[in-house]
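Presented below is the structure to which this report refers.
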Amino acid sequence: MCKSNGDGHPHHDHEHRHPNGHGEEERATRVRVDRAVLDKNDRLADYNRGWLGGRGVLALNLVSSPGAGKTTLLERTVRDLAAEFPVGVVEGDQETDADARRIRAAGCRAVQLNTGVGCHLDAAMVARGLEELDPAPGSVVFIENVGNLVCPALFDLGERAKVVVCSVPEGDDKPLKYPHMFRAGRVVLLNKTDLLPHVPFDPDRFLDGVRRVNPSLRVIPLSALRGDGLAEWYGWVREQAARRQPAGV
Amino acid sequence: MHELGVTQAVVELAVERANGRRVTRVVLEIGKLSGVLPDAVRFCFDLCAEGTAAEGAALEIVEPPGRGRCRSCGADVPLDGPLGLCPCGGTDLEWIAGGELRVTELELTDV
Ligand SMILES: Nc1nc2c(ncn2[C@@H]2O[C@H](COP(=O)(O)OP(=O)(O)OP(=O)(O)O)[C@@H](O)[C@H]2O)c(=O)[nH]1
Ligand SMILES: [Mg+2]
Ligand SMILES: [Zn+2]
């Protein structure tokens, strides 16, 4: 989020002896550092980007609150797109390998990462996940992040884009309540549109919220369960995949 | 709570920079638009620092205010949160300050 102004070169830090007021005048040194806190993660994310780019692999980071339908969407996406390009999935959950097994049953390679107490994937975990997944050149890799609309917004994994999945029963107020995530996303998939007749949800209110938070965010309404809207999502994935590059380009 | 991961990163960065010395003070910038809660970082800091060279370090947090530039009229607009509004009615604001999440200063003490 803020790495743009973080070029921290520790060797350029200024060190000078400075009394610290705790009777340690001779030993305390004040050091100006000026380094982005997530510098290490951002560097690893850059490493992942290079690793992916070198293989011509497109990586997309799916983020949502728990249960918005990421795995259901991926099960379908794998079935429908696996004939067009090799597909792989990196699954992030606090516990269990249930989602990776669902994805494998749908017909593609999947690696499960468990974050334990962690509430998001970071670039180091994804580096290990990619190594293990070992996607074929030209693959599309979907990274299913831990269900959480707050924390994953901050952590770059080296993906091309964050895909925010938000579902109708969560309510139309989510963009305004979780602006950081909607700001970080490139596209938002409004899932479970089959439930629109059954729950109070004002699509215009949702769209207004999205525009307020991130005017360039594209919204694709769909139902992963019934299949409505999937063609537009696949079209978007194909557009991104067309831009994945062979080594060195 | 991503503040735990953020605070761990702060401690790691400080300890690495200390290069064998003790970290006795950390100054952190957490911009108003960064999405990170200073209180949560304060809450995590002692725990994250425990058992490291930063154990017991004082933590000082500076919170730079948010500022955006309106993409409709070009005005500079103060922002106290991610949902800004320009006097012209524009809501499409480019963030020019307030996204900071940086360690700006350390105090290191020889052991
Ligand atoms: N009605 C309806 N239900 C759906 C749809 N998509 C997913 N679901 C249901 O929503 C529930 C959660 O779906 P998952 O795909 O497991 O959601 P997830 O985002 O992967 O969940 P976590 O990994 O736990 O965060 C399941 O009961 C799905 O059957 C949809 O389009 N319509
Ligand atoms: Mg899932
Ligand atoms: Zn304006």
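The values are calculated or read from the model by the stated rules, or taken from the named source; none is laboratory data. Everything numeric here is computed off the predicted structure, so don't read it as measured data. Cβ: placed from backbone, ideal geometry, glycine included. Neighbour counts: every protein chain shown. We work out accessible area using only protein heavy atoms, side chains counted, and drop any ligands, DNA or RNA first. Shrake-Rupley method; radii C 1.70, N 1.55, O 1.52, S 1.80 Å.
Of the residues examined, B:Leu106 is not one that is more than 15 Å from the chain's Cα centre (by Cα), touching a residue at least 12 places away in the same chain (Cβ under 8 Å), within 12 Å of chain A (Cβ to nearest Cβ) and buried (at least 18 other Cβ atoms within 10 Å of the Cβ).
Only residues that are touching a Lys or Arg at 6+ places or on another chain (Cβ under 6 Å) and within 9 Å of another protein chain (Cβ to nearest Cβ) were counted across segment B:52-97, and they come to 2. Which members of segment A:149-169 meet the condition of being within 12 Å of chain B (Cβ to nearest Cβ) and either within 16 Å of ligand 3 (Cβ to nearest atom) or open to solvent by 30 Å² or more (accessible area, probe 1.4 Å) (or both)? Within segment A:149-169, just A:Val150 meets the criteria. Evaluated against (1) crowded, with 23+ Cβ neighbours inside 10 Å; (2) more than 20 Å from A:Arg212 (Cα to Cα), A:Gly185 falls short on exactly one condition, (2).
Across segment A:170-182, the number of residues qualifying as assigned to a helix (DSSP H, G or I), surrounded by fewer than 20 Cβ atoms within 10 Å (Cβ to Cβ) and in contact with a Phe, Trp or Tyr (Cβ under 9 Å, 6 or more places away or on another chain) comes to 1. When B:Ala18 is tested against the conditions (1) without any contact (Cβ under 8 Å) to a residue 24 or more places away in the chain; (2) facing chain A (nearest Cβ under 9 Å); (3) away from ligand 3 (no atom under 16 Å from the Cβ), the lone failure is (1). Examine segment A:223-239 for a residue that is in a helix (DSSP H, G or I), within 29 Å of A:Val126 (Cα to Cα), open to solvent by 60 Å² or more (accessible area, probe 1.4 Å) and modelled with pLDDT under 95, and state whether such a residue exists. The answer is no; no qualifying residue exists. If I filter segment A:130-154 down to residues being at pLDDT below 95 and assigned to a helix (DSSP H, G or I), which single residue comes out as farthest from A:Leu73 (Cα to Cα)? Out of the qualifying residues, it is A:Leu154.
Counting the residues of segment B:78-111 that are more than 20 Å from A:Gly209 (Cα to Cα) and either within 16 Å of ligand 1 (Cβ to nearest atom) or of a type outside the set (D, E, K, R) (or both) gives 12. Going through segment A:65-84 one residue at a time, which ones are at negative phi and of a type outside the set (A, V, I, L, M)? Within segment A:65-84, A:Ser65, A:Pro66, A:Lys70, A:Thr71, A:Thr72, A:Glu75, A:Arg76, A:Thr77, A:Arg79, A:Asp80, A:Glu84 meet the criteria.
For segment A:188-213, give me each residue that is of a type in the set (Asp, Glu) and open to solvent by less than 60 Å² (accessible area, probe 1.4 Å). If the condition is that a residue be of a type in the set (Asp, Glu) and open to solvent by less than 60 Å² (accessible area, probe 1.4 Å), then A:Asp194 is the only one that fits. Scanning segment A:1-10 turns up one or more residues that are at pLDDT below 95, within 17 Å of the chain's Cα centre (by Cα), within 14 Å of chain B (Cβ to nearest Cβ) and open to solvent by less than 80 Å² (accessible area, probe 1.4 Å).
When A:Gly229, A:Gly235 are screened for being closer than 15 Å to A:Leu73 by Cβ and near ligand 1 (Cβ under 10 Å from one of its atoms), only A:Gly229 passes. Condition check for A:Val188 on (1) of a type in the set (A, V, I, L, M); (2) in contact with a helix residue (DSSP H, G or I) (Cβ under 6 Å, 6 or more places away or on another chain); (3) outside any helix (DSSP H, G or I); (4) closer than 28 Å to B:Cys70 by Cβ: one failure, at (2). The criterion of at least 3 residues that are away from chain B (no Cβ under 14 Å), within 14 Å of ligand 2 (Cβ to nearest atom) and surrounded by 16 or more Cβ atoms within 10 Å (Cβ to Cβ) is met, among strands (runs of 3 or more DSSP E) falling completely within segment A:42-129, by A:87-93, A:109-114.
Could you tell me whether B:Leu83 is modelled with pLDDT under 95 and open to solvent by 50 Å² or more (accessible area, probe 1.4 Å)? Answer is yes for this residue.
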